[in-house]
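Quick notes on the structure that follows.
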Amino acid sequence: MRLKVNLMSLFAKYSKEDSEGFTHLDHGRTIKALAEHLGLPLERVKIVTVNGQQGGLETLLSDNDLVYIFPPAIGGG
Amino acid sequence: MKSNGTTKSPQPEELERYRCNLGTVGLDGQRALFSSHIVIVGLGGLGGHVLEQMTRAGVGYITGIDPDVFEPSNLNRQLLSDVDSIGVPKVDAARQRVQQVRPETGFLGIRRHHEAADEEVWAEADMVFDCLDSIADRLSLAEMCLHAGCTLIHGAIAGWYGQVAVVRPGSHLLARLYPDTGPGLEKELGTPPFTAALCASLMVAEGVKAICAIQQKDQDRVTYFDLRDGLLWSVDA
């Protein structure tokens, strides 16, 4: 299946988009499988949305899903 | 409200000074602000802007906590700093600023780490602003607020990005948000002035809504923004 995956902030460097901006993953896989496919540090995958709804590591993905994954920010001083 | 930051009712001339707030928060909301007691932990990039805006919002009492003095590398983003204040304790600059903007607002500066502050600080607070810059300190503060039953307004930045959350009494949101106590993205992405100012503004908006009982949510939510692409999301967390 093909997904539109937006990796925010420092996660952007893990992108594996094709030339049309899609990320490819086997059918029936989860956010966790996507994160592992991309090489994201799983312990920092804390805020996920799928088609505008809250998701998590066990959220099942479908063809053409729109995914955002945010790492937590820390600075402030 | 746990406390009463202003002991007397606002005078007509004071309400006139805040009439540009009234259309947004209402008279009852402005009175709630006049009576509120907030704690700002960290008076740097986020904390300086939070102090400025909450003072102008008209809060009655502010406790500011920060052990540090200003350094040259603070000048890019920290509102309370200038070239003449290098070496000055941040709590002293905060006290002076509050006095300049709203002398009616009481201010207590605590030049210590927040873990060394007296328990009364948290017991008397209506709201605590997390303007810190390490996961360990943020989780420690969240734990103290959880123990004291305080609402915690959390904000954090990294480069073009930032996040804000309202941590309600009883919530373990920050412990869920942060995986460990390792280094953050900001070391790589920096902490520019515009991201700090916007994040602080979002924190203040959430704080004012909570004090004025406007648009309150039962669900834990995190607002995340991306200034590089001009985007903002609020998601359940």
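Determine whether segment A:8-18 contains at least one residue that is within 14 Å of chain B (Cβ to nearest Cβ), of a type in the set (A, V, I, L, M, F, W, C), loosely packed, with under 14 Cβ neighbours inside 10 Å and without any contact (Cβ under 8 Å) to a residue 40 or more places away in the chain. The answer is yes; a qualifying residue exists. The set of residues in segment B:16-25 being out of contact with any helix residue (DSSP H, G or I) (no Cβ under 7 Å at 6 or more places or on another chain) and either modelled with pLDDT under 90 or not polar (S, T, N, Q) (or both) consists of B:Glu16, B:Arg17, B:Arg19, B:Cys20, B:Gly23.
Scanning segment B:147-172 for residues that are crowded, with 18+ Cβ neighbours inside 10 Å and farther than 19 Å from B:Ile211 by Cβ gives B:Ala156, B:Ile157, B:Ala158, B:Gly159, B:Trp160, B:Tyr161, B:Gly162, B:Gln163. Of all the criteria given as (1) touching a residue at least 24 places away in the same chain (Cβ under 8 Å); (2) more than 30 Å from A:Leu40 (Cβ to Cβ), the one not satisfied by B:Gly155 is (2).
Only residues that are at pLDDT 95 or above, exposed (fewer than 13 other Cβ atoms within 10 Å of the Cβ) and within 11 Å of another protein chain (Cβ to nearest Cβ) were counted across segment B:188-237, and they come to 0.
For segment A:57-72, the count of residues that are in contact with a Phe, Trp or Tyr (Cβ under 9 Å, 6 or more places away or on another chain), within 9 Å of another protein chain (Cβ to nearest Cβ), of a type in the set (A, V, I, L, M) and surrounded by 15 or more Cβ atoms within 10 Å (Cβ to Cβ) is zero.
Right, A:Thr30: modelled with pLDDT under 95 and more than 25 Å from B:Asp133 (Cβ to Cβ) or not? So A:Thr30 does not fit the description; no. Can we say A:Leu34 is surrounded by 16 or more Cβ atoms within 10 Å (Cβ to Cβ) and under 20 Å from A:Ser62 (Cβ atoms)? In short, yes. Evaluating B:Ala125 against the criteria (1) farther than 25 Å from B:Pro192 by Cβ; (2) surrounded by fewer than 23 Cβ atoms within 10 Å (Cβ to Cβ) leaves one unmet condition, (2). Just one of the numbered conditions (1) under 15 Å from B:Val50 (Cβ atoms); (2) more than 14 Å from every other protein chain (Cβ to nearest Cβ) is not true of B:Val128: (2).
The values are calculated or read from the model by the stated rules, or taken from the named source; none is laboratory data. In this text, all values refer to a predicted model and were calculated from it rather than measured experimentally. Please note: Cβ atoms are built from the backbone with ideal geometry, for glycine as well, and neighbour counts cover all protein chains shown.
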